[in-house]
Amino acid sequence: MSGALAKALAGIDPSLDLLEEIERLRKERNAVILAHYYQDGEIQDLADFLGDSLQLSQAARDTDADVIVFCGVHFMAETAKILNPEKIVVLPDLAAGCSLADSCPAEALARFKALHPDHAVVSYINCSAAVKALSDLICTSSNAQRVVDSLPADQPILFAPDRNLGAWLQDQCERDMLLWQGTCVVHETFSERKLVGLKSEHPKAKVIAHPECEPAILRHADHIGSTSSLLRFSQEDSATKFIVATESGILHQMEKLSPQKSFIPLPPEAGCACNNCPYMKLNTLEKLYLCLRDLNPRIEMSEELRLAALTPIERMLALS
Ligand code: 13P
Ligand code: SF4
């Protein structure tokens, strides 16, 4: 944590009612609070809009608020800024990154791309603005198939940065793609051994999984999809028990929307709490209050980079 943030946190009056203050500041600033399903339940509950990566970028594009408070990770807030150059976009903790985005530095992708000049570059939205600027198309886990299918069948594709989503897409879309070898620190830790154990303990439970999981997990899944797709399936399917292979934050909404059903989070191999995204969970109520109060830390970028990153995002939004 930066020294300035630690100091600001230490300076918060402990008698302050944070929920009341957030409410007051949200109105005063004409701010909208967008939150991803992987945020803590208390943040999900106060958000103006809750969604998956695609829904959040659509909400960011459509809002008429002056300030966007993005309770998610850096690439999501950056996407909101790319779509809204005139708005103030703040992220409660600038250190909320993403292992997938970190796995794919723009200079390295540029070198890889130069080796394959005939390939179209399709990038998962979990990447930096600089990587987006090198891409022909952006996708999220909820529109990835549609985005890949929009390219002619004979068009070779370089897909970055998630090798698991990429491998799943190759199967779904029945085409070969060159895959960048990035992974999500959360989804790669799930244990197939523990999944098989849970399945035999709960034979009627359905397995639902995010496509960022490794193929060994995905082959056990009854349903694979984005966070919003998993949530929808858990509501609509007749099963009453689900083994959930994605970040644990989603369980808050699943339990809220289907209180009569039960949800078992898939444990990681190490017995750690690695199914909590360490980046998503950096955002707290205290930091949310501070960023609304101080309108800081802000997401900024050069106009040249923003315009280059905007084109492939707009192509994605037109297809969604
Ligand atoms: P979706 O929100 O598209 O399901 O992706 C999950 C994710 O990895 C967010 O970091
Ligand atoms: Fe990135 Fe994985 Fe965290 Fe999503 S869950 S923000 S992909 S590290």
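Our estimate of slack between ARG111 and GLU201, defined as 0.36 nm per intervening residue step minus the Cα-Cα distance, is 27.6 nm. With contributions of -39500 (n - 2.57) from each DSSP H run of at least four residues, the per-residue ellipticity at 222 nm computed over the chain stands at -12000 deg cm²/dmol.
Taking the charge dipole of the stretch 198-312 about its Cα centre, with +1 at Lys and Arg Cβ atoms and -1 at Asp and Glu Cβ atoms, the residue from ASN296, SER200, PRO268 reaching farthest to the positive side is SER200. Considering only GLN58, GLN253, GLN155, the Gaussian network model of the chain with Cα springs below 10 Å gives its largest mean-square fluctuation to GLN155. Rounded to the nearest 20, the size of the Cβ-charge dipole of the stretch 1-158 about its Cα centre is 500 debye, with Lys and Arg at +1 and Asp and Glu at -1. Please give the Cα centre distance for the stretch 16-32 versus the stretch 128-197, rounded to the nearest Å. Here the answer is 38 Å between Cα centres.
Modelled label positions at SER262 and ARG193, each set 7 Å beyond Cα in the direction of Cβ, lie 2.5 nm from each other. Looking at the stretch 59-107, the GluC sites (Glu not before Pro) that sit in a DSSP loop and have at most 11 other Cβ atoms within 10 Å of their own Cβ are GLU86.
Multiplying the residue separation of ASP13 and GLU42 by 0.36 nm and removing their Cα-Cα distance gives an extension gain of 8.5 nm.
For the residue pairs LYS199/LYS261; LYS87/LYS113; LYS132/LYS287, alpha carbon separations beyond 22 Å are given by LYS87/LYS113; LYS132/LYS287. For the pair GLU236 and LYS27, the difference between a 0.36 nm per residue extended length and the Cα-Cα distance amounts to 71.7 nm. Between ASP118 and LEU307, the simple spin-label model (points 7 angstrom out along Cα→Cβ) gives 3.2 nm. Put the Cα centre of the stretch 54-86 next to the Cα centre of the stretch 246-320 and the gap is 12 Å. Taken about its Cα centre, the stretch 196-315 carries a charge dipole of about 400 debye when Lys and Arg each add +1 at the Cβ and Asp and Glu each add -1 at the Cβ. Each Lys and Arg Cβ is given +1 and each Asp and Glu Cβ -1; about its Cα centre, the chain then shows a dipole of about 400 debye. Phi-derived couplings, Karplus 6.51 cos²θ - 1.76 cosθ + 1.60 at θ = phi - 60°, listed residue by residue for the stretch 144-157: 4, 4, 4, 5, 5, 5, 6, 8, x, 4, 8, 7, x, 10 Hz, with x used for Gly and Pro. Bridges between two residues of the chain, per DSSP, are antiparallel at a rate of about 5%. Applying 1/(1 + (r/R0)^6) with r as the Cβ-Cβ distance of GLU174 and ARG219 and R0 = 25 angstrom yields a FRET efficiency of 0.90. For an R0 of 22 angstrom, estimate the FRET efficiency from the Cβ-Cβ distance between ASP102 and ARG298 and round to the nearest 0.05. For R0 = 22 Å, the calculated efficiency reads 0.55. Around the amide H of VAL207, modelled in the peptide plane, lie the amide H atoms of ASP222, HIS223, ILE243, all under 5 Å away and 5 or more residues distant in sequence or on another chain. Taking amide hydrogens as placed 1.01 Å from N in the peptide plane, the amide H of VAL89 sits under 5 Å from those of ILE68, ILE299, each at least 5 positions away in sequence or on another chain.
A short reminder: the numbers here are calculations on the coordinates, not readings from a lab. Remember, predicted model here, so these are calculated numbers, not experimental data. Please note: Cβ atoms are built from the backbone with ideal geometry, for glycine as well, and neighbour counts cover all protein chains shown.
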